[in-house]
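*Asks:* Below you will find the structure I want to go over with you.
The values are calculated or read from the model by the stated rules, or taken from the named source; none is laboratory data. Everything numeric here is computed off the predicted structure, so don't read it as measured data. Methodologically, a virtual Cβ is constructed for each residue, glycine included, from the backbone with ideal geometry; neighbour enumeration extends over all protein chains shown.
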Ligand code: ADP
Ligand code: GLC
């Protein structure tokens, strides 16, 4: 099958979070399974762009409302990522340093989607499926079906995957003129509430809708930032497929970001060496259990409760634990962590920013990974942690509840709690500090979780079945 993935992120080209990891891996494993998977995404000013050679695949022009723009599709010619990669260059609009966070993101991603559909319309053949990811690509199923200019694509099946239903890409109706000439009777297919809602539109228009875990699929029906009724109504075409992890990138035996590699057999010694590096660099005590948090410092991740939870746990365990945080996001949360560095010297440290290399060292060297998320559609961190023998401490929600078994249950290897509160996190840290005293138990849990199979191979088959059901 020929599958066209359309996404705002794709690792290693541009990544802001888990979406990038998934779109960098799923197509690769689809190609390895004998399909032709391609990725098309915006051309940002990233390191990957400047470090690679590109060929021009197509040049075209289109309109965003009254604004006429030229676009260029460039291609990475060597297939070095394991799939064909196409970037859309729209001068001045997409070629920026960051993926998101600009005032004109609506214009940027709407123009991107128009360029993609415009380009596909010019192909001599049709792909078997167009697979769109998250709201930045959510208008594509609508445009392929209801825009007069793209009627050649109306019969091409579309799949939409929700990685995060909290962000929906809302646009006022004044922006409806951005969408190329469309059948006005179909207004309802764009709308939710008072505005154009690209995520809701994709749920209505795509042939199939998937999300990244079974539990999150159910959760969307009672907690989806206003779309609950829509998910209830469309439940027949919705399916949860748990993400995999890219075992070629995330392997403690070969990880290119690590100096000390390890496997199941030498997990204790291997992790210790990585922990020593971390503790030395961040002034922490290597003899105490090391708790880490890696992620966006936003409400969804419940990062805001961590400063108080950590202070409380330091007090309750008589400082028997060390903490290291890596992330960026809301200013007040960043500030709260930074304020703790001096008073908690030797116990707590943080890096405010994004650092891929450090994140790998943290998965490898930590004893425990904290994930108190209020919302977590899948969560990849806990799966990376497992592969690196790090015990995940997660709130029972979404994909976290589908992947982590509490150590109190049969074959358990993690710590689960119910509320994103200081009390639950503090109590769980207490449990972790106790189990850390039993190094034999820790070793058994580590060895067990490292062997759990979260590879993409089995997920690929589930996606192919979704595509086939549309033909
Ligand atoms: P989300 O996509 O909601 O942020 P996921 O758990 O799916 O959460 O994926 C997060 C990904 O981003 C992981 O690969 C994680 O290691 C990475 N990540 C998040 N924040 C940072 C950071 N500050 N530095 C490096 N990597 C990060
Ligand atoms: C989103 C979700 C995260 C998920 C990722 C990849 O960013 O917040 O839970 O793992 O997408 O699907």
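*Asks:* Yes or no: residue 175 farther than 19 Å from residue 134 by Cα and more than 16 Å from ligand 1 (Cβ to nearest atom)? It would help to see each step written out before you state the result.
*Replies:* Numbers: farther than 19 Å from residue 134 by Cα: yes; more than 16 Å from ligand 1 (Cβ to nearest atom): yes.
Against the criterion (farther than 19 Å from residue 134 by Cα and more than 16 Å from ligand 1 (Cβ to nearest atom)), residue 175 qualifies.
*Asks:* Here is a follow-up. Identify all residues within segment 21-55 that are within 16 Å of ligand 1 (Cβ to nearest atom) and free of Cβ contacts under 8 Å to residues at least 24 places away in the same chain; write none if there are none.
*Replies:* 47 - this is the single residue of segment 21-55 that is within 16 Å of ligand 1 (Cβ to nearest atom) and free of Cβ contacts under 8 Å to residues at least 24 places away in the same chain.
*Asks:* Turning to a different aspect of this structure: Quick one: which of 328, 373 is assigned to a loop (DSSP other than H, G, I, E, B), assigned by TED's automatic domain parsing to the domain that holds residue 424, within 10 Å of ligand 1 (Cβ to nearest atom) and in contact with a strand residue (DSSP E or B) (Cβ under 7 Å, 6 or more places away or on another chain)? Quick ask: steps written out before the conclusion?
*Replies:* On the way: 328 fails: assigned to a loop (DSSP other than H, G, I, E, B).
So the residue among 328, 373 that is assigned to a loop (DSSP other than H, G, I, E, B), assigned by TED's automatic domain parsing to the domain that holds residue 424, within 10 Å of ligand 1 (Cβ to nearest atom) and in contact with a strand residue (DSSP E or B) (Cβ under 7 Å, 6 or more places away or on another chain) is 373.
*Asks:* Give the residue, chosen from 334, 300, 280, 376, that is over 15 Å from residue 422 (Cβ atoms) and crowded, with 22+ Cβ neighbours inside 10 Å.
*Replies:* On the way: 334 fails: crowded, with 22+ Cβ neighbours inside 10 Å; 300 fails: crowded, with 22+ Cβ neighbours inside 10 Å; 280 fails: crowded, with 22+ Cβ neighbours inside 10 Å.
On inspection, the qualifying residue turns out to be 376.
*Asks:* Look through segment 76-102, keep the residues that are surrounded by fewer than 13 Cβ atoms within 10 Å (Cβ to Cβ) and on the phi > 0 side of the Ramachandran plot, and return whichever of them is nearest to the chain's Cα centre (by Cα).
*Replies:* Filtering first and then ranking leaves 101.
*Asks:* Within segment 404-441, work out how many residues are under 12 Å from residue 372 (Cα atoms) and in contact with a strand residue (DSSP E or B) (Cβ under 8 Å, 6 or more places away or on another chain).
*Replies:* Let us first name the residues in segment 404-441 that are under 12 Å from residue 372 (Cα atoms), namely 415-426, 428-429.
Narrowing the set further to residues that are in contact with a strand residue (DSSP E or B) (Cβ under 8 Å, 6 or more places away or on another chain) leaves 415-420, 424-425, 428-429.
The number of residues fulfilling the criteria is 10.
*Asks:* While we're on this one: Among the residues of segment 377-391, count how many are outside any loop (DSSP other than H, G, I, E, B) and either out of contact with any helix residue (DSSP H, G or I) (no Cβ under 8 Å at 6 or more places or on another chain) or within 11 Å of ligand 1 (Cβ to nearest atom) (or both). I'd like the intermediate steps shown before the answer.
*Replies:* Just the residues of segment 377-391 that are outside any loop (DSSP other than H, G, I, E, B), to begin with: 381-387, 391.
Now restrict to residues that are either out of contact with any helix residue (DSSP H, G or I) (no Cβ under 8 Å at 6 or more places or on another chain) or within 11 Å of ligand 1 (Cβ to nearest atom) (or both): 381-385.
The qualifying residues number 5.
*Asks:* Determine if segment 360-372 includes at least one residue that is without any contact (Cβ under 8 Å) to a residue 12 or more places away in the chain and either surrounded by fewer than 18 Cβ atoms within 10 Å (Cβ to Cβ) or within 15 Å of ligand 2 (Cβ to nearest atom) (or both).
*Replies:* Here is the first cut: in segment 360-372, the ones without any contact (Cβ under 8 Å) to a residue 12 or more places away in the chain are none.
No, segment 360-372 has no match at all.
*Asks:* Which count do you get for residues in segment 209-237 that are away from ligand 1 (no atom under 15 Å from the Cβ), buried (at least 22 other Cβ atoms within 10 Å of the Cβ) and within 19 Å of residue 129 (Cβ to Cβ)?
*Replies:* Here the count works out to 1.
*Asks:* Of the numbered conditions (1) more than 16 Å from ligand 2 (Cβ to nearest atom); (2) surrounded by fewer than 21 Cβ atoms within 10 Å (Cβ to Cβ); (3) farther than 17 Å from residue 17 by Cα; (4) within 26 Å of the chain's Cα centre (by Cα), residue 391 satisfies every one except a single condition; which is it?
*Replies:* (2)
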